[in-house]
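As C-alpha cells, the structure follows; a few thoughts come after it.
Every read-out reported here was derived from the displayed coordinates using simple, explicitly stated rules and does not represent laboratory data. Given the structure is predicted, the values throughout are model-derived calculations rather than measurements. No Cβ is skipped: glycine too gets one built from the backbone with ideal geometry, and neighbour counts run over all protein chains shown.
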Amino acid sequence: MPRKTIKDNLRKNTNLCIFCCRKIPSDSPCCETCSFMLKIQPHEQKLSNGCPCISALRYEGQYRTAILKYKSGGQFKIIHKSYSLVLNRTISKLYDNIEFDYYTGVPTYKKFFHFDQVTPLAKETARLRNSEFKPLLCQSKKKKTQHLLDSAGRESNVKNIFKCLDENDVKGKTILLFDDVVTTGSTLTECSNELLRNGAAKVYCVTVNW
C-alpha cells in the first residue's frame with residue numbers, strides 16, 4: 001500500500017483526546033486517563049425565537065480549555081471527530097425522535113482566513129448518524145469577536161449578516177443547526193431566523209458547550 005494511503009487511513013481511524021490531545025481510537029472522544037473528566041450533561045434551552053437548543057458540556061474549566069484548543073485549529077483540527085462523538089450521544093438522548101432533512105452549521109466569513117470549526121463538527125456528526133450535511137447559510141460580512149461584547153452588542157453584531165444560500169433547499173425542511181458554543185444565543189437566533197424566513201418548517205440547534 002502506498003505510504004500516503006497508509007497515512008490517510010491512520011488519520012481516518014484516529015481521534016485526539018479532547019483533554020490531553022493524545023492519539024486515541026476513532027470510537028472514543030477521550031483517552032482512558034482522561035475519561036473521568038468527560039461527564040456529558042445534556043442541557044436544553046429555548047432561543048429567544050423559540051427554537052430548541054441542546055448542548056453537551058458546560059463552558060467552564062477543562063471543557064472551556066478543550067474547546068478553545070479546538071477552535072485554534074492547527075494540530076487540534078482533528079478533535080472535531082471526538083466532539084462529534086459527544087454530539088452524537090447528546091442528539092441521541094434529546095433529539096432521537098426527530099427526523100432531520102439536513103444538518104448544517106453556522107457559517108464563517110470566507111474572506112477572513114481562519115479555521116472553520118463548525119462545518120467539520122456538523123459533517124462528521126451527520127456521517128455518524130447516516131444523515132445529510134448541506135451548507136444552507138453564508139456570512140455576508142465579518143463580525144467582531146462575540147465574546148468581547150455584552151449581550152446587546154452580540155445581538156447587533158450578528159444582525160442581518162447571515163444569508164440563505166438557496167431558499168429551495170430550505171422550504172418545508174426540518175433542519176439541525178450546529179455551533180461550537182452557545183452563550184447569549186444571538187448567533188444561533190439570527191441564523192435560525194434566516195432559515196425560518198426562507199421557509200424552513202422547523203429549526204433545532206445543537207452545540208458542544210453552553
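Going through (1) 18.5; (2) 17.6; (3) 19.3, the figure that equals Kirkwood radius over Cα pairs in Å as computed for the structure here is (2).
Applied to the stretch 97-102, the Karplus parametrisation 6.51 cos²θ - 1.76 cosθ + 1.60 on θ = phi - 60° returns per-residue 3J(HN,Hα) values of 8, 9, 9, 9, 6, 9 Hz, with x for Gly and Pro. Within the same chain, aspartates and glutamates fewer than 8 places from LYS142 are excluded, and of the rest, those with a Cα less than 15 Å from its Cα are ASP116, GLU155, GLU190. Counting Lys and Arg as +1 and Asp and Glu as -1 over every other residue whose Cβ lies under 11 Å from the Cβ of SER84, the net charge comes to +4.
Which pairs, out of LYS46/LYS173; LYS39/LYS69; LYS23/LYS134, put more than 22 Å between their alpha-carbon atoms?
Exceeds cut-off: LYS23/LYS134.
Summary value for the chain: 22 percent relative contact order, contacts being C-alpha pairs under 8 angstrom separated by 6+ residues. The trypsin sites (Lys or Arg not before Pro) of the stretch 34-73 that meet both conditions, a loop assignment by DSSP and at most 12 other Cβ atoms within 10 Å of the site Cβ, are LYS39. Assuming charge only on the beta carbon of Lys and Arg (+1) and of Asp and Glu (-1), the dipole of the stretch 40-209 about its Cα centre is about 500 debye to the nearest 20. The C-alpha atoms of the chain define a longest principal axis, and helix 118-128 lies at about 70 degrees to it.
Projecting the Cα atoms of THR90, CYS191, GLN45 onto the charge dipole of the stretch 40-209, computed from C-beta unit charges around the Cα centre, puts CYS191 farthest toward the positive end. Summing +1 for each Lys or Arg and -1 for each Asp or Glu among the other residues whose beta-carbon sits under 11 angstrom from that of GLY172 gives 0.
Helices in the chain, meaning DSSP H runs of at least 4 residues, each add -39500 (n - 2.57). Divided by all residues, the mean residue ellipticity at 222 nm is -10000 deg cm²/dmol. Each DSSP beta bridge with both residues in the chain is either parallel or antiparallel, and the antiparallel ones are about 40%. Relative to the dominant Cα principal axis of the chain, helix 186-197 is inclined by about 60°. Output the 0 to 90 degree angle, nearest 10, between the alpha-carbon long axis of helix 3-12 and the longest principal axis computed from the alpha carbons of the chain. Long axis of 3-12 versus the principal axis of the chain: about 60 degrees.
Comparing PRO25, GLN139, SER55 along the charge dipole axis of the chain, the residue lying farthest to the positive side is PRO25, per the Cβ-charge model.
Whole-Hz Karplus values for the stretch 198-207 come out as 9, x, 4, 5, 8, 10, 10, 10, 8, 9 Hz, taken residue by residue from phi with 6.51 cos²θ - 1.76 cosθ + 1.60 and θ = phi - 60°; glycine and proline positions read x. In the stretch 8-110, the convex hull through the Cα atoms has an average projected area of 8.5 nm², a quarter of its surface area.
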